[in-house]
Amino acid sequence: MNNYTITFACYNSLDYTKKCVESLLRSNISLDRVVVVDNDSSDATFEYLSNFPFFDVIRNQDNLGCGVAWNQGVLRLQSDWSIVMNNDIEVSKGWLDALLSDADRRSLRVICPAMIEGDLNYDFDQFANSAAKKMGDVFRFGARHAVCMAIHKSVWQRVGYFAPVPSLMGYEDTLFFSELDRAGIRTGITGAAWIHHYGSITVSNLKKERGLSGNGSLGDRKNYKLLNKSLFRRKWEKLRRKRQERRWRNDELAAHQMTLHGTRSGTGFSWI
């Protein structure tokens, strides 16, 4: 196993944090490689986390946002690989070995696992094992997501860390990915490793607290200006990304009858 750190931030949502931690335990992750950052939760999150032999549980006195919390975790236990992830996910057995092995095989410095989103009303470990065997050689070069990503230490040296601005509220990943593109650092999503994502639980709770609708934005609506890109360029890049996602979906469905990104709908899956 590569030298690694796993870090995730929490803000309330204790039930999902429990599911996440339990899945880490089932997958035989060494908890002494895990740093958790509690962003001033008002429920029993910190007390729950204190019961486990994590490398550290950092408790902030305010909700400092994802960027600050991720940086705290990454810097608290510096490793060859930092796995930055949400607290509303479950991992599968063997996911980390598969994720980092594929990164080494493909000479990538940022890599993400494939995922299913929605209700976890199926045997995820069984599904993940089967999906990894079926889709293990499927790869989306250039794709990425912030739900779970493994980042090599060389990336921090080239582009720096996440923007430590609490008011960004979820825009930190967009800025980080933009810096990766500028530096020419390739990313990808692999079918060799799978996670289940319940779906932006912390963000949804923050919106409710602030009286925002599901479509409302937590961050400033002008955050896009930080990208230093014209309206035309942003629209063109979004169009190209959507076209590429359709190509990936169509090619994967034709070859495997499934894709690297699915949603659980009732008793079946919808493929994205």
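The values are calculated or read from the model by the stated rules, or taken from the named source; none is laboratory data. Owing to the predicted nature of the structure, the values given are computational and were not obtained by experimental measurement. When we count neighbours, we look across all protein chains shown, and the Cβ atoms used for this are built from the backbone with ideal geometry, even at glycine. Ligands, DNA and RNA are stripped out before the accessible areas are found, and what is left, the full protein with its side chains, is counted by its heavy atoms. Shrake-Rupley method; radii C 1.70, N 1.55, O 1.52, S 1.80 Å.
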Please list, ordered by chain and number, the residues whose modelled amide H lies under 5 Å from the amide H of Glu117; skip anything fewer than 5 residues away on the same chain.
His197, Gly262, Thr263, Arg264
Pseudo-spin-label distance Thr263 to Asp43, built 7 Å along Cα→Cβ, given in nm, is 2.3
Rounded to 0.05, the calculated FRET efficiency for the beta carbons of Trp271 and Ser178 at R₀ = 35 Å is 0.80
Straight distance only, please: which lysines reach the Cα of Lys18 with their own Cα at less than 21 Å, same-chain residues fewer than 8 apart left out?
Lys93
For the chain, share of DSSP beta bridges that run antiparallel, in % to the nearest 5
40
Probe 1.4 Å, heavy atoms of protein chains only: per residue, the accessible area of the chain in Å² is 48
Long-range amide H partners of Ile6, meaning residues 5 or more apart or on another chain whose placed amide H is closer than 5 Å, are Val34, Val35, Ile83
Between His256, His197, His152, find the one with the highest GNM mean-square fluctuation for the chain; connect C-alpha pairs within less than 10 Å.
His256
With n ≥ 4 as the cut-off for DSSP H runs, can you work out [θ] at 222 nm for the chain, using -39500 (n - 2.57) per run divided by the number of residues, rounded to the nearest 500?
-12000 deg cm²/dmol
Which residues make up the longest stretch of the chain clear of trypsin sites (Lys or Arg not before Pro) that lie in a DSSP loop with no more than 12 other Cβ atoms within 10 Å, not counting the sites?
1-209
Identify all aspartates and glutamates with a Cα-Cα distance to Lys225 below 19 Å; exclude those on the same chain that are fewer than 8 residues away in sequence.
Glu172, Asp173, Glu179, Asp181, Glu237
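Which net charge results for the neighbourhood of Arg106, defined as the other residues with beta-carbon distances under 14 angstrom from its beta-carbon, given Lys and Arg at +1 and Asp and Glu at -1?
+2
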Please give the length that would be gained between Asp119 and Asp80 if that part of the chain were fully extended, namely 0.36 nm times their separation in residues minus their C-alpha to C-alpha distance (nm, one decimal).
10.7 nm
Can you compute 3J(HN,Hα) from phi for each residue in the range 34-46, using the Karplus curve 6.51 cos²θ - 1.76 cosθ + 1.60 with θ = phi - 60°, rounded to whole Hz and x for Gly and Pro?
10, 10, 10, 10, 9, 8, 6, 5, 9, 9, 8, 4, 4
Where does the charge balance sit around Leu64 when Lys and Arg score +1, Asp and Glu -1, over other residues with C-beta under 12 Å from its C-beta?
-3
Per the 1.4 Å probe, what fraction of the accessible area of the chain, in percent, lies on carbon and sulfur atoms?
47
